[in-house]
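The values are calculated or read from the model by the stated rules, or taken from the named source; none is laboratory data. The structure displayed is predicted, hence computed values, not measured ones. Positions of Cβ are generated from backbone atoms using ideal geometry, with glycine treated the same way; all protein chains shown enter the neighbour counts.
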Amino acid sequence: MIKQIFLLILCLIGSFFGVKAQNLDKDTTAIKGVIIDFFELFSQDDLKYLERNCTPDFELYEVGTRWTNDTLINLINKRKAQKKTWERANEFNFISFKVQKNIAWVGYYNTAHLTNITSQQKRKVKWLESAILVKKKRKWWLVQMHSTALTK
């Protein structure tokens, strides 16, 4: 009888850790998706990527400047009013994840592959970035991002 109880406890503990690992994998995948989708804002110049990935009080710290949703909306509206001269493709290398309940901290390298539409000239711009996300109603949202440009 004691052996059976002990085995039952071991099975319960094992299943708990298995479920926890599955949840972390699911959260990690969802968090990556939010970050990747958010950066389509800069590739597509479409505000839907801001609206569906960021909280209303989102902040981006970029090269010593604080950007808010209003800052990003103004930037995208200005870019949409101009002729597009560069195409952008994004590449990410995620390096760290920390998830505690409904808060996540993420570190990653972000590379923008830029191609001039007219000349086909190519450029590459790289950043080391971190992001804080919150989970509300089973969806992850960007709250804050910090970006450091990397030199060549």
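Some observations on this one:
- Residues of segment 56-86 that are within 19 Å of I117 (Cα to Cα) and in contact (Cβ under 8 Å) with a residue 60 or more places away in the chain: none at all.
- Meets criteria (touching an Asp or Glu at 6+ places or on another chain (Cβ under 9 Å), surrounded by 11 or more Cβ atoms within 10 Å (Cβ to Cβ) and of a type in the set (V, I, T)) for I95: no
- Residues of segment 80-126 satisfying the condition of being in a loop (DSSP other than H, G, I, E, B) and in contact with a strand residue (DSSP E or B) (Cβ under 9 Å, 6 or more places away or on another chain): T85, K101, N102, I117, Q121
- Selection from segment 52-66 of residues that are surrounded by fewer than 17 Cβ atoms within 10 Å (Cβ to Cβ) and assigned to a strand (DSSP E or B): T55, P56, D57, Y61, E62, T65, R66
- Assessment of segment 22-41 against the conditions (out of contact with any helix residue (DSSP H, G or I) (no Cβ under 8 Å at 6 or more places or on another chain), over 18 Å from E91 (Cα atoms), at pLDDT below 95 and among the acidic types (D, E)) yields at least one matching residue.
- Within segment 100-116, tally of residues that are closer than 18 Å to T29 by Cβ and of a type in the set (G, A, S): 2
- Segment 108-128, subset surrounded by 15 or more Cβ atoms within 10 Å (Cβ to Cβ) and within 12 Å of the chain's Cα centre (by Cα), residue nearest to L50 (Cα to Cα): N110
- Criterion: in contact with a Ser or Thr (Cβ under 9 Å, 6 or more places away or on another chain), in contact (Cβ under 8 Å) with a residue 12 or more places away in the chain, surrounded by 16 or more Cβ atoms within 10 Å (Cβ to Cβ) and aliphatic (A, V, I, L, M) - qualifying residue of A89, A104, A131: A104
- Filter result for F42 (of a type outside the set (S, T, Y), under 14 Å from the mean Cα position of the chain (by Cα) and under 18 Å from A149 (Cα atoms)): yes
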